[in-house]
Amino acid sequence: MQTDNLRNLINLVEAKGKQDLVLEKLPYSRGALAPVMSQATVDYHYGELAKGYVERYNKGEGDASFNEAGAFLHNTFFPQLRPPKNNNQPHGASLALINRKYGSFKDLKEDMKKEAMKIQGSGWIYLSRNGDIKTIKNHQIKTDIALLIDWWEHAWAKDYGSNKAKYFDNIWRCINWDKVNVRIYSGK
Ligand SMILES: [Fe+2]
């Protein structure tokens, strides 16, 4: 048997033993994040790319751990967003954590932006549940995410061209702090 066929067979057997992944439903319409994230970006990013990780994992196509982590991260990222709001400030548990670790929300954003701009290639940046700023190369499953920002080019290039710093500045308008607070409280 050729190596490719054998690999496909192994993938299929492994896929049968796994539980299917599900793409989380968006708690807003696909156009609701504009102008921070356009409907065209959400259609492509959520409707095609995020869905693709789920579907390929479920079909046993490609690298299972890459697809599983891609599905996991997008299922963490999109539901934590909300339609843009001016002066969208953290409150409750997230505010307390941010103030304790960074002094202010403004300082957190500055520190996180510095780290994000250092990322080479595709990745993610997140605030952990204990308040650390961490990065992810490509896709990896992490169990300590409080607030997650997709830093892959597909998240910002359509709307911001090469200006990913502007995407970073704008994404804060769409953070659903209630969701972040639940993660901090519940450990999920
Ligand atoms: Fe993404």
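The values are calculated or read from the model by the stated rules, or taken from the named source; none is laboratory data. Predicted, not measured: the structure shown is a model, and the values here were computed from it. Glycine also receives a Cβ, built like all others from the backbone with ideal geometry; neighbour counts cover every protein chain displayed. Note: accessible area is taken over every heavy atom of the protein model, side chains too, but ligands, DNA and RNA are not part of it. Shrake-Rupley method; radii C 1.70, N 1.55, O 1.52, S 1.80 Å.
Worth a mention:
- Charged-residue dipole, Cβ positions (Lys, Arg, Asp, Glu), the stretch 114-188 about Cα centre, Debye nearest 20: 80 debye
- Solvent-accessible area, 1.4 Å probe, carbon plus sulfur percent, for the chain: 49 percent
- Close amide H contacts of residue 146 (hydrogens built in the peptide plane, cut-off under 5 Å, sequence separation of 5 or more or a different chain): 127, 128, 129.
- With Rh defined as the Kirkwood radius, the inverse of the mean 1/r over Cα pairs, the Rg/Rh of the chain is 1.00.
- Total formal charge among the other residues, if their Cβ is under 12 angstrom from that of residue 78, Lys/Arg +1 and Asp/Glu -1: +3
- Solvent-accessible surface (1.4 angstrom probe) belonging to residue 122, in square angstrom, nearest 10: 40 Å²
- For the stretch 67-188: relative contact order, % (alpha-carbon pairs under 8 angstrom, 6 or more apart): 34 percent
- Amide H contacts of residue 151 (H built 1.01 Å from N, in plane; Pro and chain starts excluded): 123, 124, 125 sit under 5 Å, all sequence-distant by 5 or more or on other chains.
- Eligible lysines near residue 101 by straight Cα distance, threshold 29 Å, same-chain separation 8 or greater: 85, 109, 113, 114, 118, 134, 137, 142, 164, 166, 179, 188
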